[in-house]
Amino acid sequence: MPNPGIARLWSRGAWATPKGAGFLAGPRIVLSCAHVVSAVAGEQEGSPLAVGLTVDLDFPLAGRAARRQSARLITHIPVAEDGSGDIAVLALDEDPPLGAEPVRLLDVETVRGHPFRAFCQSPRSVETIYAASPSARVAR
């Protein structure tokens with residue numbers, strides 16, 4: 001089953017659309033890519049963003065209890081010329097929905113040769129896209 005700790009980050013305004021994903025890393029901490037938060041803010045990818053920026057997100061895999069909520073930017077490290085960086089840390093203003101727990105991270109060597117499932121968000125749709133290894137079952 002897909003992890004309910006996956007977050008979807010939204011642009012703001014009347015025509016809000018998903019801009020990317022993040023994941024719950026602690027009880028109220030969400031990690032994402034800096035370029036995703038820059039897209040949410042409508043800013044250039046390499047520009048630093050101010051701490052305190054409000055970001056709307058939800059946890060689409062957490063079930064019916066999930067709703068859009070807000071988080072504040074606490075760290076933003078844009079992509080550097082050498083490719084390093086691209087990290088954003090967000091603090092949720094309230095607890096995540098019931099069932100959303102921090103995501104367990106694994107290194108490549110741990111999962112190589114084992115079934116996997118991946119999740120992403122299309123910029124053209126609010127639909128969730130799943131990918132899986134040939135031996136993994138994918139639940140929608």
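Can you quote the Å³ per residue value for the convex hull of the Cα atoms in segment 6-103, rounded to an integer?
Numbers: hull volume 8.6 nm³, N = 98.
Enclosed volume per residue, from the Cα hull, is 88 Å³.
Sequence-distant or interchain residues sharing an amide H contact under 5 Å with Gly20, placed H: which?
Leu9
I'd like the Karplus ³J(HN,Hα) series for segment 69-78: coefficients 6.51, -1.76, 1.60, θ = phi - 60°, whole numbers in Hz, and an x wherever there's a Gly or Pro.
My calculation for segment 69-78 gives 9, 10, 9, 10, 6, 10, 8, 9, 10, x Hz in order.
Along Cα→Cβ, 7 Å out, is where each label goes; now give me the distance between the ones at Asp82 and Glu45 in nm to one decimal.
It works out to 1.9 nm between the two label points.
Return the sequence-ordered ³J(HN,Hα) values of segment 25-35 in whole Hz as given by the Karplus equation 6.51 cos²θ - 1.76 cosθ + 1.60 applied to θ = phi - 60°, using x for Gly and Pro.
9, x, x, 9, 10, 10, 9, 8, 8, 4, 5
Values quoted throughout were computed directly from the atomic coordinates according to the rules given, and no laboratory measurement underlies them. Note that the coordinates shown come from a computational prediction; the quantities given were computed from them, not determined experimentally. Virtual Cβ from ideal backbone geometry, glycine too; neighbours counted across all protein chains shown.
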